[in-house]
1. Check Arg99, Arg127 and return the single one that is touching a residue at least 60 places away in the same chain (Cβ under 8 Å), within 22 Å of Ile44 (Cα to Cα) and open to solvent by 50 Å² or more (accessible area, probe 1.4 Å).
2. Could you list, in sequence order, the residues of the range 137-154 that are surrounded by fewer than 22 Cβ atoms within 10 Å (Cβ to Cβ), part of a helix (DSSP H, G or I) and more than 16 Å from ligand 2 (Cβ to nearest atom)?
3. With respect to the numbered conditions (1) open to solvent by less than 30 Å² (accessible area, probe 1.4 Å); (2) among the hydrophobic types (A, V, I, L, M, F, W, C); (3) over 30 Å from Glu266 (Cα atoms), which one is the sole condition not fulfilled by Leu113?
4. Collect the residues in the range 42-53 that are more than 15 Å from ligand 2 (Cβ to nearest atom) and either within 28 Å of Leu178 (Cα to Cα) or acidic (Asp, Glu) (or both), keeping them in residue-number order.
5. Within the range 207-229, track down each residue that is closer than 18 Å to Leu254 by Cα and basic (Lys, Arg).
6. From the list His180, His215, pick out the single residue that is modelled with pLDDT of 95 or more and touching a His at 6+ places or on another chain (Cβ under 8 Å).
7. If a residue has to be among the acidic types (Asp, Glu) and either buried (at least 16 other Cβ atoms within 10 Å of the Cβ) or within 12 Å of Leu194 (Cβ to Cβ) (or both) to count, how many in the range 52-70 make the cut?
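The values are calculated or read from the model by the stated rules, or taken from the named source; none is laboratory data. Predicted model, so just to flag it, every value in this text is computed and none were measured. No Cβ is skipped: glycine too gets one built from the backbone with ideal geometry, and neighbour counts run over all protein chains shown. Just the protein is used for accessible areas: all its heavy atoms, side chains included, with ligands, DNA and RNA removed. Shrake-Rupley method; radii C 1.70, N 1.55, O 1.52, S 1.80 Å.
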Amino acid sequence: MKTDLHLHTTFSDGSYTPSQAVDMAVESGLDGIAITDHDSIEGIEAAVKRGKLYNDFYIIPGIEFGCIYLDEEVHLLGYCFDYYSKDMLSLTKRLKDARVTRGEKIIKKLNNLGIKITVDDVIKHARKDYIGRPHIGRALIDKGYVNSMDEAFEKYLNRGKPAYVERYKLRIEEVIELIHSENGLVSLAHPGLLNQKEIISHCIKAGIDGIEVIHPKHSNKNVLDFIKVTEKFNLIATGGSDWHGNFKDGDCLLGKYYVNLNNIPEMKRRV
Ligand code: AMP
Ligand code: ZN
Ligand code: FE
Ligand code: FE
C-alpha cells in the first residue's frame, strides 16, 4: 500500500490540478495519496472523484498548516478529517482571505522597489482565492525581474528580504485541537528542516499523533533519528514527497517518497 502522504495541487501552490495529481500518482506506481494543500481542503473532492476511476486507488483527505513557534515556522499535516466540515471550511476560508491581503501587501512592496507587477499578473498563476509567494515568484520570472524561483525568494520574498510580509499563522495547539475535533490525525511535517529541535518535543507534548519521517529533504540520519522518536513516543511515522509539480521541483518526486499504509493501522482504519 505505497502511499504518498504529502503533496500539493493548484488549490495551493502546486502546479497540477487534483485530477492530474491522481493520474500522475497512479502512473508513478503509488496505491494511494493524501492531498495536503496549504490552508485548503477544496481540492480533495475532485481528487476523490478522479480516484474512483481507478481500481483500489485511495485518496486520503489532508491539509498542511503553517504555524509559528519560537519565532520559527512549523508545518503541521492534518489527515483523515471530515472534508465537508463547516469548521474546517470556515477556518481555511479565513486563512486564504488573509493570504490574498498579504499577497497584495507583497505586491505593493515590490511596486515600491520599482518593480511593476500587478495582482492580475500574479493571479494568472494562482487561483483567485489563494496567493502564495511561489505565485508571486512566477510573475517575477515572467516579467524578467528574476531568472529563477530561488532568485525570487533570495532577492525579494524570503524572510528578511525587502518584499517579505508575514503570513497569518495559527498556533500549534489550535491546529491540533481542530484536527482532533474532526477525528483526524496530526503529523509534524519535515522536522528535519527545523532549526530548533526542541520544537519537536514541544509538538509531542502538545499532542501530535505522528512525525513525518520520510521527506525528500531528510538525510538518512534524519530518517533513522525520527523513526527512533516515533518508537519512543508511540507516534505514527508518516512520509511523502511534498511534491509541488513544476513550481519547485527539478526532477519529479512523485512515486519516490512514500510509506506503507499497512504500517500505520491508525490511519488505515480511518481510510
Ligand atoms: P507562502 O506559503 O506564501 O508563505 O510561501 C511558502 C511556499 O513557498 C512554500 O510552499 C515553500 O515550499 C515555497 N518556497 C519557499 N522557498 C522556495 C524557493 N526557494 N523556491 C520555490 N518555492 C519555495
Ligand atoms: Zn508549497
Ligand atoms: Fe511544508
Ligand atoms: Fe508541503
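1. The unique qualifying residue is Arg127.
2. Ile141, Asp142, Glu151, Glu154
3. (1)
4. Here is the first cut: in the range 42-53, the ones more than 15 Å from ligand 2 (Cβ to nearest atom) are 42, 44-53.
Matches in the range 42-53: Glu42, Ile44, Glu45, Ala46, Ala47, Val48, Lys49, Arg50, Gly51.
5. Lys217
6. Values: His180 fails: touching a His at 6+ places or on another chain (Cβ under 8 Å).
Among His180, His215, only His215 is modelled with pLDDT of 95 or more and touching a His at 6+ places or on another chain (Cβ under 8 Å).
7. Here is the first cut: in the range 52-70, the ones among the acidic types (Asp, Glu) are 56, 64.
Checking which are either buried (at least 16 other Cβ atoms within 10 Å of the Cβ) or within 12 Å of Leu194 (Cβ to Cβ) (or both) leaves us with 64.
Residues flagged as among the acidic types (Asp, Glu) and either buried (at least 16 other Cβ atoms within 10 Å of the Cβ) or within 12 Å of Leu194 (Cβ to Cβ) (or both) within the range 52-70 amount to 1.
Yes/no matrix, rows are residues, columns are (1) charged (D, E, K, R); (2) over 20 Å from the mean Cα position of the chain (by Cα); (3) at negative phi:
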| site | (1), (2), (3) |
| --- | --- |
| Cys67 | no, no, yes |
| Glu72 | yes, no, yes |
| Gly78 | no, no, yes |
| Met88 | no, no, yes |
| Lys93 | yes, no, yes |
| Arg99 | yes, no, yes |
| Lys105 | yes, yes, yes |
| Ile123 | no, no, yes |
| Arg127 | yes, no, yes |
